[in-house]
Every structure is written in structure tokens, then in C-alpha cells.
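Student: This is the structure I want to talk about, given as C-alpha cells.
The values are calculated or read from the model by the stated rules, or taken from the named source; none is laboratory data. Since this is a predicted model, take the numbers as computed values, not measurements. When we count neighbours, we look across all protein chains shown, and the Cβ atoms used for this are built from the backbone with ideal geometry, even at glycine. Ligands, DNA and RNA are excluded from the accessible area calculation, which covers all protein heavy atoms including side chains. Shrake-Rupley method; radii C 1.70, N 1.55, O 1.52, S 1.80 Å.
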Amino acid sequence: MNVSVNWLSELLGTKIDPKEAAERLAMLGAPVESIEAVHQDLADIIVAEVERVEQHPNADRLFLCRVNNGSSVVEVVCGASNVTAGKKYPYAAVGSVLPGGTKLKGRKIRGIASNGMLCSPDELGLGTDHAGILELDTDADAGTPLLDVLPIGDFCLDVEVTPNRPDLLSHQGIARDLGAAMGLPVKLPKIPGAPADTRAPERVEQRGTVGGVEIAIEDEQGCPRFTAAVIKGVKMGPSPEWLQTRLQSVGQRPINNVVDATNYMMLELNQPMHAYDLHKLAGPALIARRGRANEKLVTLDGQEHTLDEEMTLICDADAPAGIGGVMGGRDSEVSEATTDVVLEAANFEAKRIRQTRTAAKMNTEASYRFERGMNLHGLPDALRRGVALIIAVAGGEEAGTPVDVYPKTIPTPTIFLRLDRVTRVLGVEIPQSEIEGYLTSLGFTVGPKDGRLAVHVPGWRPDVTREEDLIEEIARLRGYDSFEARLLPLRPSAVPDDPAQAIEARLRRIFTARGLHEARSSSLQAQSGEHAQAVLNPLSADEGFLRTELLSGLTRATERNWAVRERDVRLFEIGTVFRAAPAGQVPAEERWIAGVITGGRAPAHWSASEKAVDFDRWDVKSLFEEAIRGAGVAGSIEQVGDRWIARGGDGQMLGRAGELEANRPLWAGPLLGFELALHARPEPRVHFEPLPSTPAAERDIALVLPDGVTAAAVDAIIAERGGPLLESAVAFDEFRGEGVPGRSVAWRLVFRSPERTLRDKEVDGSVRKILTQLKEQLGVERRET
């Protein structure tokens, strides 16, 4: 968003320093990307008065002018015929730097020295006219800096606006935030030549008439509100200097007075408007309705579009006159012959605008704003100001009372804010009066109710929908740097972490510990295999498909490192790969991890000889195994030719490792890499079991295990024959010595019933069953003490 500092200064009623504005906006969440001086390269140009004009003695088409520059009278040779004695013109003295960086030097022209130059609009960067000198209508004395006479010196701020803050796409919105931070009120500047007052639009539910033009809504979902006014007797022509200067300061090209007025309103109030030539509208009428199959429209840019039922159109009685919220039609645009204008200011559904401009392959200033959400409730006031501006710059008068077609009232939300909630979230107690001051300075209406604050959200803030959003506004204006950095009490969540996120976090720790850097490569690539999913609107042929693997992106990253003679590269990436799906379905997505290594195994050091990464030394296999273990993959690794393949229990290939093909220089080592699919596995669920309420019965038994019989085999039989009453069996002692063939191992058996106390007879019976089975299957007998 290009923002004029002069425009902000006028809205806030004081001169704004561009650097201070940039710093404050950054702290408010709207960082400034750059500050560009506008016409500051005219600092050396001054006002001069021509005292006398004579014919050049040695040239028929040149004139010799005596110029008073405020400090002396000098002779200037000039080729323009419009220079008149007694008039004032921009003057550049010898040594002045002109726009474009040219330093003016004194020189002779046809034998007579020219001490500087009188400047044309083209030479000053103020227009394209280079045939005539720019005449100044001013009472300023000779020698006055030109920028003091012409208010064209400005600074343009390139403000980064996030999608959730559409209100910052206007100078009023930027000024509102800046004014709240600086304690300055925002007031719209007076329009030179505007009428004292304009008519308030009259609300109707479905359709109305203004100046003989029918205004109606037939698509309430796509266009919830539609206002219009008719201005008759306008005179088309160029805009006044102040309006052109204001538009040029933010990079807009002046077109004509009516179109410039609509652009001005969009940049000032964030309300796109469109002006139609009344006599080019059938009916005459303007109707907001759905498109119809195979309707066509040629837009202002000369492109023909085929329309459909999913688009909201602005139509006259016969055909479409514009694509609502995107661009008007060529057949109804204003021209030099226009005398009567229909001014439209409407609101459109954000989702519909986004779908429409995507289908039409158009991205305009209007659609950029509408698809982020606009101020539905500010339309009447915006229309009135737009009417006043057109009358001021193009003349004419209102024909009838403007119409406000508003079928269904959409209220703005009211949010209740608890003061103790503010304290808990921000960690500091902020007085109620201070909170009210912050919110009211941003345009919120605040009132106490039932121990809370009832906050009425203005229509230009669609991003504020809950209590936490209000708390964020308080923190923004108080200043994030004003909060003390300290650790506050925390209540941990009872919701377990996503298993997939846990696996990826574990893999990041593993590979960063192994010295690899995490990379992020583009998810778009050239076609690679039959499973690649094509992109509908690719930026280039090299980015026409969604990636099917990660290694190709890491290979390109390695090649870029080689291009700057970086030999040692160790990268890994965790990302999404895609597989094409049948028509009408979304492509399949899978998470994968991949890594590449090349160059030295360790950083070069004088104490050791340099050793290059070598596939034969199992470097890449080691990383591959680390990935498999970290991901918890169950399977096996096998070597197939010069590659390693990981397969799951079902034989499906899960990943691969080996040497990769790359465009490597002669001095670079081989590029080795691996990739592995990450299939999220749920972590073991934790089950609650209450503490036992009945006593346990314990039995210790010492068993003689013949050579070759393992304790694990004994455990298996005890668990099998112990029955449901066996709670646990733990080996706790081992003895080898005289009188004991093999070895003696002691187990502690714990029996318990959750409903009742066990009797000795039941427990002893279970022990006998276990001993009998051990003797029959393993030859294990109970040791007699």
C-alpha cells in the first residue's frame, strides 16, 4: 500500500515526519518496506521572474531572457515561445541537480552564455509537455524554493498490509492507527470547491430510482448493499493540480476528473467506486444480479470475458455493464462527451469476488480490497463525499436524492471485554480509563455493562470478532515493548501433541545434531513423472507441477552452493509431496524427509587430514538409518545395486538412499542423499486404571533352569498359565553353585482379584498349574530349599 505522508499530515492536522511514521507503524503491526522521496529532487529549483525577453541575435528560434533569481539578474537562453516578461517560472541555476541526476553546467548557446535554465514540466518530472516553460501563478518572491510554492514535495511509504486488516488499505485507515498512537484526531480534509452539503441517500429494500435511473439488487448474497447517485451537467477534462498531485504521489496515473475522483475516494476511504455514462445505460438502470450462461462483457482494459452464474454483475436493463467489485465495462465508461454520470458505490461478498477475479484472471485495485472485506456501513457517507468531489472537480449538480438499496440490515458485533481477562492475557493490570482511551481512539464505541465493557466494533474492522482481538488492540497501542519480559504461570494443555508433529520435531533434533541445516524448497517444479499434479495457473514452465519428491529441490540448492564455490553442503528438509488425483479430486499429500551431503565429513582443520564423504564408508546409510529410527518406521534396509532401499513389513518401499545425479563441478565431491516417507503413527494411548481396592496374594518360587532354557521362555509360560488372577511375575534373584544343576532363578508372583479377597486355595492351585506346565514343556522344576 503506497501512502502519501502529505496526505496523512492533512488527515491528522499536523506535519508528519516520515521516519517517525514508519517506526510507529512498524510497532503497530504494519511495517514500512521503504520510504521513497517524491519530487524531492526539485530542491534546487527556485522561482524566478523574467524581467525582459528579446530575440536571440544569432538564432531565429531562441530567446534571450533577463531573469531575476532573487539574488541577481542573469541572462538565460530559452527556446520556448511562451515566456513572457513579468511572469514567474521555475529556474535552475548553474550547478543545480535536475531530476534524473543531471548537474546543470553553464555554457554558450550560439555565442551567448546561458546562466542556468527555465524549466518545462517535462524537465521537472511534472508532465510530458517539453515545448513550453511551466508558468507559475504565485505571489511568491523570486528566489523562493519551488517546493514551497507547489505542494508537490512528498514522501511515499510502502506499507505492508496483512490480509486481516483491509482498513489499512486507505489513507484514512493508516491515519486512524497512526493518530491513535500519536494522540491525534483524524479529520477528512476539505475538498476545494465542493458544495456545502450533499444529499443523504434514501434507503430502500429492493429497488429505487434516482435521476430517472432504476437501482436494484437481485443478488442479495453477492451484493448486500448498493448505493448510487446521479450527477448531471458535468464537464469532462483534466483534474485540478491538487488532485493530480495527490494521485501521482502514490503512483497513480491521472486520467480525467471523474475517474480521478473515484480513484481518490478508493485511496482515501478504501471504498472503490465506479462512474457510468448515464446515456450509455439501457433503461436506464443499474441492477446487481447473477451472471447468466454465456453472457459476455468487454471490460475497461479491452479484454472480452465469458461470464457465468457464479459471478455478481452490475447490469443495465439489457446486458452486463461491469463485473461487480472487479472492473467496469467499456461500453458504459465515461468519456470526453459525457455530461451525466451515475456514481455507484456498493459492497460485495468477499468470497464471490475472489472466485470471480480468479475465473476472469483479473486482479484489480478494487478486487484486492473487496476480497478482504469492506466496510458495509460506511457506504452512504462515502457516496456523499464522492458526489461532492465530482461536483468540485467536474461541475454539475445532483439529480434527485441518491438511493441506498439495503435489503437486510447486517449489524456490527458487540463484544464484552472483561478487565480481569485483559490482566491475565497481558500479565499487567491496565486501568479501565486507559483501556477505554485506546479503544475509542481506534473508532470503537465503549460502555460499561454488568462489570464488563461492552465494545461496539466499527464496520471497518472485520478482523475484530472476539475478546482476544480487543486485547490485542490494547497491547498494540500500549506498545509491545512496554510489557516486562518475565515467565508467568502456565497451565499445560491436556491435549496430547499431534504424533506427526512429534516425529518431525524429533527428526529435526536428530539431524541438526548431526550438523545438517534445514532447508525449505519450493513445492513447485517442472514435470517429473506421470504422477505429477499440474497447476492450473503456473507462474512459469519450470513451476507448472506440484513436486513429487524432495530430493530434486535439495539437489538444486546444492548446485546453487557449488555455483558460489561452497564445497561442503549438508542439508535436510521435511515437507509435503503430492500425487496426482483423478479429475475432480484433490491431489494426495504425504509428508517426507530428505537429506543431502557432499564435501568433507568434518570441517577442515590443520590437525587432521581432510576426508571426503564416501558412500563406501556408509555415511549416507548412517543418516538413512537415523531417519528410520527417528521416524519409528518398522521395516528393513536392503542394498539394491548402488542404492539402499527401506521396505515396510508389507514389502512396500518407504525410502531410498544413494548417490544422486547433479550438475557438479570437477572439484566437488559426489552428492549423496536419502528420502523417507513419514507415516504418522499414533502414540500409545494412556488408559486410566484406579488403584486396587483388594489385597494382593504373593508367592515366591525358585526354579531350576536347565542349560539352554531362558528366563523369557519361563515368563511366557507363567503368563499363559497364571490365568486372569495373575497380576505380575518378576524375576528378582539368580543363583549358581554347588548342588544346583544349571542355575536357580527366583520369581515373585502377584495374584489379585478386583472384586474380592483371594483364598490361599485359589492361589496355590494357580501356582501348581504353572509348575506343572514348566516341567512338561521346559523341564524346569521347583527348587527345594
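Student: If Gly400 satisfies every condition in (1) outside any loop (DSSP other than H, G, I, E, B); (2) closer than 28 Å to Pro192 by Cβ; (3) in contact with a strand residue (DSSP E or B) (Cβ under 8 Å, 6 or more places away or on another chain); (4) of a type outside the set (Ser, Thr, Tyr) but one, which is the exception?
Tutor: (1)
Student: What's the total number of residues in the stretch 1-30 that are under 11 Å from Phe155 (Cβ atoms) and part of a helix (DSSP H, G or I)?
Tutor: Residues meeting the conditions: 9.
Student: Return the total of residues in the stretch 544-592 being outside any strand (DSSP E or B), open to solvent by less than 60 Å² (accessible area, probe 1.4 Å) and farther than 19 Å from Asn663 by Cβ.
Tutor: Looking only at that region, the number is 5.
Student: Condition (residue is out of contact with any helix residue (DSSP H, G or I) (no Cβ under 7 Å at 6 or more places or on another chain), closer than 18 Å to Asn375 by Cβ and surrounded by 17 or more Cβ atoms within 10 Å (Cβ to Cβ)) applied to the stretch 447-458: is it met by at least one residue?
Tutor: Yes, there is a match, as at least one residue in the stretch 447-458 is out of contact with any helix residue (DSSP H, G or I) (no Cβ under 7 Å at 6 or more places or on another chain), closer than 18 Å to Asn375 by Cβ and surrounded by 17 or more Cβ atoms within 10 Å (Cβ to Cβ).
Student: Condition test on Cys65, is it open to solvent by less than 50 Å² (accessible area, probe 1.4 Å) and more than 55 Å from the chain's Cα centre (by Cα)?
Tutor: Against the criterion (open to solvent by less than 50 Å² (accessible area, probe 1.4 Å) and more than 55 Å from the chain's Cα centre (by Cα)), Cys65 qualifies.
Student: Given (1) open to solvent by 50 Å² or more (accessible area, probe 1.4 Å); (2) in contact with a Gly (Cβ under 9 Å, 6 or more places away or on another chain); (3) within 30 Å of Ala454 (Cβ to Cβ); (4) not basic (Lys, Arg), where does Glu468 come up short, assuming only one miss?
Tutor: Single failed check for Glu468: (2).
Student: Working only within the stretch 699-719, note down all residues that are under 15 Å from Ser766 (Cβ atoms) and exposed (fewer than 13 other Cβ atoms within 10 Å of the Cβ).
Tutor: If the condition is that a residue be under 15 Å from Ser766 (Cβ atoms) and exposed (fewer than 13 other Cβ atoms within 10 Å of the Cβ), then Asp700 is the only one that fits.
Student: Under the condition of being part of a strand (DSSP E or B) and open to solvent by 70 Å² or more (accessible area, probe 1.4 Å), which residue from the stretch 637-647 is nearest to Leu672 (Cα to Cα)?
Tutor: Going through the qualifying residues, I end up with Arg643.
Student: To continue, here is another question. With the requirement that a residue be touching a residue at least 60 places away in the same chain (Cβ under 8 Å) and over 15 Å from Pro272 (Cα atoms), what does the stretch 327-357 give you?
Tutor: Val334, Ser335, Glu336, Ala337, Thr338, Thr339, Asp340, Val341, Arg352
Student: Now, a different point. Being open to solvent by less than 20 Å² (accessible area, probe 1.4 Å) and in contact (Cβ under 8 Å) with a residue 40 or more places away in the chain is the requirement here; does Val422 meet it?
Tutor: Here the answer is yes, as Val422 does meet what is asked.
Student: For the stretch 523-543, name all the residues that are part of a loop (DSSP other than H, G, I, E, B) and exposed (fewer than 12 other Cβ atoms within 10 Å of the Cβ).
Tutor: Scanning the stretch 523-543 gives Gly529, Glu530, Leu536, Asn537, Leu539, Ser540.
Student: Looking at Val47, is it β-branched (Val, Ile, Thr) and under 14 Å from Met117 (Cα atoms)?
Tutor: It is true that Val47 is β-branched (Val, Ile, Thr) and under 14 Å from Met117 (Cα atoms).
Student: Give the residues of the stretch 23-62 that are open to solvent by 80 Å² or more (accessible area, probe 1.4 Å) and out of contact with any Asp or Glu (no Cβ under 8 Å at 6 or more places or on another chain), sorted by residue number.
Tutor: Glu23, Arg24, Glu51, Arg52, Gln55, Pro57, Asn58, Asp60, Arg61
Student: Considering only the stretch 267-276, I want to know if a residue exists there that is part of a loop (DSSP other than H, G, I, E, B) and open to solvent by 30 Å² or more (accessible area, probe 1.4 Å).
Tutor: Within the stretch 267-276, not a single residue is part of a loop (DSSP other than H, G, I, E, B) and open to solvent by 30 Å² or more (accessible area, probe 1.4 Å).
Student: Moving to a separate point now. Pairs, please: C-beta under 8 Å, at least 6 apart or cross-chain, first residue on the phi < 0 side of the Ramachandran plot and in the stretch 754-770, second open to solvent by 50 Å² or more (accessible area, probe 1.4 Å) and in a helix (DSSP H, G or I)?
Tutor: These pairs meet every condition: Ser766/Arg721; Lys769/Arg721; Ile770/Arg721.
Student: Here's a follow-up. Is it true that Pro411 is surrounded by 17 or more Cβ atoms within 10 Å (Cβ to Cβ), in a loop (DSSP other than H, G, I, E, B), modelled with pLDDT under 95 and within 31 Å of the chain's Cα centre (by Cα)?
Tutor: When the stated conditions are applied, Pro411 does not pass them.
Student: Quick check on this structure: which one of Ala360, Ala321, Ala293, Ala345 is open to solvent by less than 50 Å² (accessible area, probe 1.4 Å), out of contact with any helix residue (DSSP H, G or I) (no Cβ under 6 Å at 6 or more places or on another chain) and not aromatic (Phe, Trp, Tyr)?
Tutor: Going through Ala360, Ala321, Ala293, Ala345 in turn, just one is open to solvent by less than 50 Å² (accessible area, probe 1.4 Å), out of contact with any helix residue (DSSP H, G or I) (no Cβ under 6 Å at 6 or more places or on another chain) and not aromatic (Phe, Trp, Tyr): Ala360.
Student: Further, regarding this structure: Hey, can you tell me all the residues within the stretch 651-682 that are more than 19 Å from Leu623 (Cα to Cα) and open to solvent by less than 20 Å² (accessible area, probe 1.4 Å)?
Tutor: Across the stretch 651-682, the qualifying residue is only Ala668.
Student: Can you tell me which of Ala746, Ala713 is under 30 Å from Ala634 (Cβ atoms) and at pLDDT 90 or above?
Tutor: None of the others qualify; the one that does is Ala713.
Student: So which residues in the stretch 93-126 are open to solvent by less than 30 Å² (accessible area, probe 1.4 Å) and under 45 Å from the mean Cα position of the chain (by Cα), if there are any at all?
Tutor: Selection gives Ser96, Leu98, Cys119, Ser120, Pro121, Leu124.
Student: Now, a different point. With the requirement that a residue be open to solvent by 60 Å² or more (accessible area, probe 1.4 Å) and within 25 Å of Ala392 (Cβ to Cβ), what does the stretch 170-185 give you?
Tutor: Passing the criteria: only Pro185.
Student: Quick one: which of Asp197, Asp158 is within 30 Å of Asp44 (Cα to Cα) and either out of contact with any helix residue (DSSP H, G or I) (no Cβ under 8 Å at 6 or more places or on another chain) or part of a helix (DSSP H, G or I) (or both)?
Tutor: Result of the check over Asp197, Asp158: Asp158.
Student: Go through the residues of the stretch 199-211 one by one and say whether even a single one is touching a Leu at 6+ places or on another chain (Cβ under 8 Å) and either free of Cβ contacts under 8 Å to residues at least 24 places away in the same chain or open to solvent by less than 10 Å² (accessible area, probe 1.4 Å) (or both).
Tutor: no
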